[in-house]
Amino acid sequence: MNENERNSTNNAVRAVTSAAFVSIFIYSLVVSMPGIIINEVVYAFSLDGTSEGFMGAMTSAGFTVSILFTIMAQGRAKKTIVLSIAFAAQAIMLFVSGFSPTFILFCIGCVLLGFSGGFIDTSVNSMVVDVRKKESTKYLGFLHGFFGLGSVLSPVIFIWALQHIDWRGIHYALAILSVLVVLMMLVLTRNTEKLSEKATVHESVLTESVLTKKDVLAYFKVKRNVALILAGFFAMFTIAGVMIWIVRYMTLRHDAAELGALSITVYWICATFNRFLSAHVIKRAPMKFFALGGLLSGLSVFVGVMSGNPIFLLIMLGLMGLCSGHFIPVLVRECARGYEGKTTFTTSILMFAMGIARITAPIMMAFLGTQISLTFGMMLPVLTALITMACGLIVYKSKVVVNKT
């Protein structure tokens, strides 16, 4: 490859990486929205009990179902085209859920919104792993750092917005941003197609080998892979359980809804700092750091809740962010080890497990919090954090199996 070809390839890699960062940032605003506007939705539709957790659960249900389709789509569609369609669908569903006059229609909109999100999350992570093979851990840290940045800013943005528009207006604004991402992806697709002779960029970004039944069965026969999937489930349950329920918990227990929203911001500031930092420092034994993060995350939530002080709980959630921010980027990379060329599949399987956690977490938190006690409900993420640690240790002690198909 001559110097001009090398420069063209490098420019294409940078373009794809930058597009992934922008996409994940916008997507993070959409993902963060349910936890911020939960009180407004509860009041708008007069919800109570377990139904208070339906908004997050329905979105996660759609997300989880979509993962099955992303697996089947491997090797059959260009990833940039998949992202274009997914963001277009997200824009439409944001308009639908924002317009919904009834809670049933709203839930349907949430399910379909989550469905588009599954394609976005999987494709963006897979693209970064593909184009940054040698430094995927570093760039996945950056990618999820941008997700964290959006999560940090979203409470501030949405709380300010709610002073001027209602929660439906927030849906419409996010829909417009999603349309802008569609346009960006279409431009990116056109530019990368011009580089079809650069296999290092074109083949890995736009297409993969078609997934076979043999590939799937072989993957699940490996103990390390199963442990990684379980680690993803319990790690996401821990994070989602706290983030989706903390505003409601602060409102009911301490009459401090604002502190609940601020807790989300504090968590994501610390988690984002973790992700940008870990992108540089976690190179050896990443699963050891993962397991340690599980232990410290559980202890942080336990101490914060048991203190009975909302300010101290907010501080402990910041500590939780410092301890858990690296969870997802580490897992995405570890799932892909030995399975390069099939990263859509490995990422999809991980995201499917996390999607199941996102479905169950808000419903279980709402049920335990309203039917038993608020404190008991907040202990559930403590338990799942400890299980996360155990799964991480199993992966750490397991040998990486190199895929030969």
Go through Gly98, Gly377, Ala231 and say which Cα lies farthest out towards the positive end of the charge dipole of the chain; charges sit on Cβ, +1 for Lys and Arg, -1 for Asp and Glu.
Ala231
On a full-extension model of 0.36 nm per residue, what is the gain between Val179 and Phe69, subtracting their alpha-carbon distance, rounded to one decimal in nm?
37.4 nm
Taking all protein chains as present, what is the carbon and sulfur share of the accessible area of the stretch 222-299, in % to the nearest whole number, probe 1.4 Å?
71 percent
Is there a quick way to get the dipole size of the chain? I mean about its Cα centre, with the Cβ of Lys and Arg at +1 and of Asp and Glu at -1; what is the value in debye to the nearest 20?
1580 debye
Rounded to whole Hz, the Karplus (6.51, -1.76, 1.60) HN-Hα couplings of the stretch 85-100, x for glycine and proline:
5, 5, 5, 5, 5, 4, 4, 4, 5, 5, 5, 5, 5, x, 7, 3
Going down the list Lys214/Lys399; Lys213/Lys288; Lys78/Lys399; Lys79/Lys134; Lys78/Lys397, which pairs span over 27 Å between their C-alpha atoms?
Lys213/Lys288; Lys78/Lys399; Lys78/Lys397
Residue among Thr59, Ile120, Ile170 farthest towards the positive dipole end of the stretch 48-188, charges placed on Cβ:
Ile120
For 228-240, 250-262, 30-42, ranked highest to lowest by mean beta-carbon neighbours within 10 Å, the order is 228-240, 30-42, 250-262
Give me the distance between the Cα centres of the stretch 332-405 and the stretch 282-309, rounded to whole Å.
15 Å
Which of the listed residues, Trp268, Ala285, Thr251, is farthest toward the dipole's positive end in the stretch 237-292, when Lys, Arg count +1 and Asp, Glu count -1 at the beta-carbon?
Ala285
For Glu40 and Phe367, what is the calculated FRET efficiency with R₀ set at 22 Å and r taken between the beta-carbons, to the nearest 0.05?
0.55
Go ahead and run the numbers for FRET between Ser307 and Val156, Cβ-Cβ distance against an R0 of 22 Å, rounding to 0.05.
0.30
Hey, what's the chain come to in accessible area per residue, 1.4 Å probe, Å²?
40 Å²
To the nearest 500 deg cm²/dmol, what mean residue ellipticity at 222 nm is calculated for the chain from DSSP H runs of n ≥ 4 alone, each contributing -39,500 (n - 2.57), summed and divided by the residues?
-29000 deg cm²/dmol
Quick one: 3J(HN,Hα) in Hz for the stretch 321-337, Karplus 6.51/-1.76/1.60 with θ = phi - 60°, rounded, Gly and Pro as x.
x, 5, 8, 10, x, 7, 3, 5, x, 5, 5, 4, 5, 5, 5, 7, 4
Could you grab the Rg to Rh ratio for the chain? Cα atoms only, Kirkwood for Rh.
0.96
Want the number for Ser18 to Phe103: 0.36 nm per residue separation, take away the alpha-carbon distance, what's left?
26.9 nm
Which of the peptides 393-399, 290-296 is most tightly packed, and how do the rest follow, judged by the mean count of other Cβ atoms within 10 Å per residue?
290-296, 393-399
Residue-wise HN-Hα coupling along the stretch 213-223, computed from phi with Karplus coefficients 6.51, -1.76, 1.60 (Hz; x: Gly, Pro)
4, 4, 4, 5, 5, 5, 5, 7, 7, 8, 4
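The values are calculated or read from the model by the stated rules, or taken from the named source; none is laboratory data. Since this is a predicted model, take the numbers as computed values, not measurements. Please note: Cβ atoms are built from the backbone with ideal geometry, for glycine as well, and neighbour counts cover all protein chains shown. Accessible surface areas use protein heavy atoms only, side chains included; no ligands, DNA or RNA. Shrake-Rupley method; radii C 1.70, N 1.55, O 1.52, S 1.80 Å.
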